[in-house]
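J.: Sharing a structure with you now.
A short reminder: the numbers here are calculations on the coordinates, not readings from a lab. Keep in mind that what you see is a predicted model, and the values were worked out from it rather than measured. Cβ coordinates were reconstructed from backbone atoms using ideal geometry, including for glycine residues, and neighbour counts include every protein chain displayed.
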Amino acid sequence: MKDRGTKSVNEDIKQKFCRELGEEQVLFEEPMKRHTTFRIGGPAEVFVMPKTIEQVKTAVRICREEDLDWFVLGNGSNLLVSDQGYRGVIIQMDRNIGQVTVEGTEIHAAAGALLSSIASAARKASLTGFEFAGGIPGTLGGAVVMNAGAYGGELKDVLKEVTVMDRDGEIRIIPADELEMGYRTSIIKTAGYLVLSAVVSLEEGDGEAILNRTRELNEKRSEKQPLEYPSAGSTFKRPEGYFAGKLIMDSGLRGYTVGGAMVSEKHCGFVINKGGATASDVCELMNHVTEVVREKFGVTLEPEVKFLGEFDRR
Ligand SMILES: Cc1cc2nc3c(=O)[nH]c(=O)nc-3n(C[C@H](O)[C@H](O)[C@H](O)COP(=O)(O)OP(=O)(O)OC[C@H]3O[C@@H](n4cnc5c(N)ncnc54)[C@H](O)[C@@H]3O)c2cc1C
């Protein structure tokens with residue numbers, strides 16, 4: 001979600017954010033490495049932490065009035081932010097807007113709810129169908145945008161409807177089947193929607209079976225994935241008919257390093273920050289991996305990670 005703007009944030013605009021949202025809800029020149037699972041990213045010119053939907057609306061309204069670029073952040077678990085940071089306004093939809101309620105076999109949750117919280121609410125209510133998502137470290141909003149998925153499940157399998165704010169600031173409820181959710185994609189970004197909340201539809205299940213499945217998937221994750229290092233999960237999408245990690249490994253790039261960024265030795269599909277990595281280290285590494293895999297296998301890897309800010313991508 002990003003409108004093109006032209007103005008920079010002057011003192012008057014800063015004061016306007018503080019006045020209308022409250023000083024404690026706004027930060028300036030906030031390092032984005034504090035808000036991404038990669039632990040990478042330069043400063044956001046304005047960083048807004050709304051606590052209510054009204055404040056989200058206010059933040060977007062100010063961006064429009066002042067013609068500022070803006071970007072919606074979830075848990076920053078699929079994001080690479082440039083070392084130069086972001087000149088514009090980051091609107092963080094996190095636990096502050098993370099209410100989760102169970103109604104029968106449905107879970108109604110605000111966009112900032114972590115998938116782990118929703119999975120936990122489902123487990124407590126003996127509702128099955130969400131086990132696949134409990135270990136994905138994102139928010140519901142980010143998961144809707146990405147159609148997050150794992151272990152044979154995808155968000156689109158359980159999503160009933162989404163409440164969004166559209167480009168004109170109107171609140172709309174959209175059925176899941178109108179969101180064109182495909183492999184790690186949906187129309188949310190292109191349509192310019194800001195996800196406010198969503199309803200997930202599950203089935204009654206057996207509490208113990210749900211717990212066992214959850215434990216099993218958590219074990220698989222920590223066995224296979226380099227969770228001990230900061231990363232943004234799978235760096236590249238799975239190309240049709242291949243696995244990105246296997247292509248990278250078979251290209252001899254296991255452990256390949258640029259600065260502090262490294263192709264994980266545990267899982268070649270992950271780029272990890274082994275300490276002090278910059279966004280340009282990661283970008284350079286991704287460029288190299290893409291080139292080598294293309295040369296060796298004729299397959300073009302597409303990033304799954306979203307880029308924010310300026311990058312030298314090839
Ligand atoms: C260790 C690890 C394991 C992972 N495993 C998986 C996995 O198994 N499966 C999988 O699919 N992903 C996985 N991921 C990636 C990531 O967790 C998911 O893509 C997740 O859905 C991103 O959610 P987020 O809240 O962190 O989004 P962010 O990274 O904050 O944002 C991602 C995109 O969504 C947009 N966005 C976020 N919230 C909103 C909103 N409310 N309205 C509009 N746009 C919004 C952002 O603008 C951005 O374009 C993994 C990541 C890590 C670090």
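J.: Once you wrap a convex hull around the alpha carbon atoms of segment 54-172, what is its projected area averaged over all directions, in nm²?
T.: Approximately 8.2 nm², given one-decimal rounding.
J.: Another question, then. Counting each DSSP H run of 4 or more residues in the chain as -39500 (n - 2.57), what helix-only mean residue ellipticity at 222 nm follows after dividing by all residues, to the nearest 500 deg cm²/dmol?
T.: So the calculated ellipticity at 222 nm is -9000 deg cm²/dmol.
J.: Assigning unit charges at the beta carbon (Lys, Arg +1; Asp, Glu -1) and nothing else, what dipole magnitude in debye, to the nearest 20, does segment 11-92 show about its Cα centre?
T.: Working: 11 positive and 14 negative charges, 70 e Å.
Roughly 340 debye for segment 11-92.
J.: Related question: Which far-off residues, 5 or more places away or on another chain, put their amide H under 5 Å from the one on Ser197, with H placed in the peptide plane?
T.: Ala111, Thr163
J.: Excluding same-chain residues fewer than 8 positions from Lys246, which aspartates and glutamates have a Cα within less than 14 Å of its Cα?
T.: List returned: Glu265.
J.: So if I place +1 on the C-beta of Lys and Arg and -1 on the C-beta of Asp and Glu, and nothing else carries charge, what would the dipole magnitude of the chain be about its Cα centre? I want it in debye, nearest 20.
T.: Computed charge dipole of the chain: roughly 620 debye.
J.: Kindly write out, for segment 267-278 in residue order, the coupling ³J(HN,Hα) from the Karplus curve 6.51 cos²θ - 1.76 cosθ + 1.60 (θ = phi - 60°), rounded to whole Hz, with x marking Gly and Pro.
T.: Values per residue, Gly and Pro as x: 8, 5, x, 9, 9, 10, 9, 7, x, x, 5, 9 Hz.
J.: Further question: Once the dipole of the chain is set up with Lys and Arg at +1 and Asp and Glu at -1 on Cβ about the Cα centre, which of Thr101, Leu27, Asn273 lies farthest towards its positive end?
T.: Towards the positive end, the residue furthest out is Asn273.
J.: Shifting gears a bit: In square nanometres, what is one fourth of the surface area of the convex hull spanned by the alpha carbons of segment 160-257?
T.: Computed as one quarter of the Cα hull surface, the answer is 10.0 nm².
J.: What is the gain in length, in nm to one decimal, between Asn10 and His288 on full extension, counting 0.36 nm per residue of separation less the C-alpha to C-alpha distance?
T.: 96.2 nm
J.: Across every pair of different alpha-carbon atoms, what Kirkwood hydrodynamic radius in Å does the chain reach? Spell out each step's value before the answer.
T.: Details: mean 1/r = 0.0494 Å⁻¹.
Hydrodynamic radius (Kirkwood, Cα only) of the chain equals 20.2 Å.
J.: I've got another one for you. Positive end of the dipole of the chain, charges at C-beta (+1 Lys, Arg; -1 Asp, Glu), about the Cα centre: which of Leu140, Tyr151, Gln225 has its Cα farthest in that direction?
T.: With unit charges placed on the Cβ atoms, the residue in question is Gln225.
J.: Fully extended, how many nm does the chain gain between Lys237 and Arg314 (0.36 nm per residue separation, minus their Cα-Cα distance)?
T.: 26.1 nm
J.: Oh, and also: Hey, which lysines would be in cross-link range of Lys16, C-alpha to C-alpha under 21 Å, not counting anything within fewer than 8 residues on its own chain?
T.: Lys16 reaches Lys2, Lys7, Lys51, Lys57.
J.: Per residue and in Å³, how big is the convex hull formed by the alpha-carbon atoms of segment 1-126? Show your work: numbers first, answer last.
T.: Details: hull volume 13.8 nm³, N = 126.
It comes to 109 Å³ per residue, whole-number rounded.
J.: Cut-off under 15 Å on the C-alpha distance; same-chain residues fewer than 8 positions from Lys124 excluded. Which aspartates and glutamates are left, in chain and number order?
T.: Glu103, Glu106, Glu203, Glu204, Asp206, Glu208
J.: Considering amide H positions built from the backbone, and no H for Pro or chain starts, which residues 5 or more places from Ala232, or on another chain, come under 5 Å of its amide H?
T.: Here Val271 satisfy the definition.
J.: For segment 227-308, taking Cα atoms only, what is the radius of gyration to one decimal and the Dmax to the nearest whole Å?
T.: 11.4, 35
J.: To continue, here is another question. What is the magnitude of the charge dipole of segment 55-124 about its Cα centre, with +1 placed on the Cβ of each Lys and Arg, -1 on the Cβ of each Asp and Glu, and no other charges, expressed in debye to the nearest 20? Walk me through the numbers on the way to the answer.
T.: Working: 7 positive and 8 negative charges, 55 e Å.
Taking the Cα centre of segment 55-124 as origin, the dipole is about 260 debye.
J.: Continuing with this model, one more query. For segment 42-104, just the Cα set please: Rg and Dmax, both in angstrom.
T.: Calculated on Cα positions, Rg and Dmax stand at 13.4, 47 Å.
J.: Using the 2.2 N^0.38 Å rule of thumb for compact globular proteins, work out how segment 253-297 stacks up: its C-alpha Rg over that value, please.
T.: Working it through for segment 253-297, the quotient is 1.06.
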